[in-house]
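This report refers to the structure that appears directly beneath it.
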Amino acid sequence: MKIEALELREVSLPMRTPFRTSFAVETDRRLLLVTLHAGGEEGLAECVAGSFPGYSPETTDTAWTILERHVAPRIVGASFATPDELLAALAPIRGHDMAVAAVEMAFWDAQAKALGVPLWQLLGGHERPVPVGVSLGIQESVEATVDAARRAVDEGYRRVKLKIAPGWDVAPVAAVREALPDVPLSVDANSAYRLTDARVLHQLDAFDLQYVEQPLAHDDLVDHATLQEQVTTPICLDESIHSPEDARKGLELGAGRVINVKVGRVRGFRRARMVHDVARAFGAPVWCGGMLETGVGRAANLHLSTLENFTLPGDTASGSRYWTRDLIEQELEAVDGLQTVPADGPGIGVTLDRARVDAVTTRTLTL
Ligand code: OSB
Ligand code: MG
């Protein structure tokens with residue numbers, strides 16, 4: 001497929017309620033939409049980098065610069081038969097996986113549209129309802145946390161994940177576990193602890209958690225392996241995994257027993273699938289993480305979640321949890337904790353709400 005043009009668009013979308021993690025509070029989501037004009041089709045994707053480099057070193061601004069100065073010159077006007085060929089042309093760009101992923105994902109979408117098939121089919125998935133959970137940001141109080149968890153369970157979500165941080169861990173987790181004895185529960189520390197905090201993390205073993213997500217440093221595997229020997233709760237790796245090699249090393253070392261796959265973090269669908277395959281070879285389940293996506297990124301995540309080793313509920317909750325008005329014409333709402341894979345046309349199966357997108361656009365560039 002020949003790439004005729006790359007269109008970048010930055011949008012700023014207010015969140016319905018601020019999302020607090022151990023590293024930041026998100027109130028307005030600044031993100032990039034990428035449209036790849038290729039082979040007469042329009043491939044669409046969302047770049048998940050955030051405005052502040054607290055989860056990853058990438059930001060909305062670095063992604064824009066990398067796409068404009070280094071990605072576009074290597075691909076616009078060129079032809080690629082497969083995502084692998086496209087990735088090979090971008091291999092000189094070290095890191096900046098979220099920026100590269102956006103273009104790679106848009107290429108898959110364009111290719112699926114050209115073939116007239118849904119994206120999940122091209123990815124090698126099997127159409128099925130996707131079980132989803134919620135990720136609850138750090139709340140004002142323990143009571144507010146219990147209320148939010150209870151509401152999520154009442155709405156049918158299949159798992160509740162609580163964001164934790166030093167000083168905000170055992171108390172909220174104990175309260176939610178007491179109020180909801182049977183709910184599949186997990187926690188996400190976003191790298192906020194050190195190995196010297198092992199005692200606190202060991203206390204979490206009392207609450208029958210599905211996993212504790214990324215307790216230690218964002219670039220660590222070795223200390224996670226030491227910690228995993230000291231706690232019974234499975235560790236789930238998020239920030240530490242950027243490639244199939246990272247997945248292999250992490251699982252070989254015993255740094256964790258579960259992997260959160262985020263397409264943006266691992267440079268696109270191709271590598272997301274490889275991480276999925278490595279985990280399967282180790283007998284480790286994966287699930288699809290979220291980055292507070294709009295309907296565009298959420299749709300992509302749902303297609304990916306149809307691969308067979310995505311056996312734990314993902315962070316692909318209803319769009320209405322995040323936005324008063326999303327950027328797409330379709331509604332991606334979970335019913336009884338299940339999301340339907342979008343199928344309004346081939347590819348990612350959703351279309352932009354042009355008026356809404358225009359209203360929140362802060363800059364555009366066509367290359
Ligand atoms: O670590 O999974 C994470 C949001 C932004 C950055 C990192 C993470 C998250 C979430 C929210 O947990 C998941 C979602 O609901 O999109
Ligand atoms: Mg996480």
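The values are calculated or read from the model by the stated rules, or taken from the named source; none is laboratory data. Not measured: the values here are computed from a predicted model. Here the Cβ is made from the backbone with ideal geometry for all residues, glycine too, and neighbour counts use every protein chain on show. Please note that ligands, DNA and RNA were not included when accessible areas were found on the heavy atoms of the full protein model with its side chains. Shrake-Rupley method; radii C 1.70, N 1.55, O 1.52, S 1.80 Å.
Charges on Cβ only, +1 for Lys and Arg, -1 for Asp and Glu, centred on the Cα centroid of segment 122-339; of Asn190, Asn301, Thr232, which one is farthest towards the dipole's positive end? It is Asn301. Converting phi to 3J(HN,Hα) with the Karplus coefficients 6.51, -1.76 and 1.60 and the offset θ = phi - 60°, segment 71-88 yields 7, 3, x, 8, 10, 5, x, 9, 10, 9, 7, 9, x, 4, 5, 4, 4, 5 Hz in sequence order, with x at every glycine or proline.
Please check: in the Gaussian network model of the chain (C-alpha springs, under 10 Å), which one of Ala284, Ala144, Ala165 has the largest mean-square fluctuation. Per the Cα network of the chain with a 10 Å cutoff, Ala144 tops the list. For segment 122-339, the share of DSSP beta bridges that are antiparallel, to the nearest 5, is 20%.
Quick one: order Thr196, Thr21 from most to least accessible surface, probe 1.4 Å. Intermediate results must be reported in sequence, preceding the final value.
Values: Thr196 130, Thr21 15 Å².
The most accessible residue leads, giving Thr196, Thr21.
Solvent-accessible surface of the chain, taken per residue with a 1.4 Å probe and all protein chains present: 38 Å².
Would you mind giving the three semi-axes, in whole Å and largest first, of the ellipsoid equivalent to the chain according to its Cα gyration tensor? Show your work: numbers first, answer last.
On the way: eigenvalues 212, 97, 72 Å².
In descending order, the three semi-axes are 33, 22, 19 Å.
Where is the GNM fluctuation largest for the chain (alpha-carbon springs, 10 angstrom cutoff): Glu42, Glu68, Glu239? Its mean-square fluctuation being the largest, the pick is Glu68.
Straight Cα distances below 19 angstrom link Lys2 to the lysines Lys113, with same-chain residues fewer than 8 positions distant left out. Nonpolar atom fraction for the chain, defined as the carbon and sulfur part of the 1.4 Å probe accessible area, stands at 50 percent. Membrane-span-like helices in the chain, defined purely by DSSP H runs whose alpha carbon atoms cover 24 Å or more axially and whose average Kyte-Doolittle hydropathy reaches 0.5, are 97-115. Across the alpha-carbon set of segment 155-298, the Rg to Rh ratio works out to 0.96, Rh being the Kirkwood radius.
Bridging of Lys161 to lysines at a Cα separation below 24 Å is possible for Lys262, once same-chain residues fewer than 8 apart are set aside.
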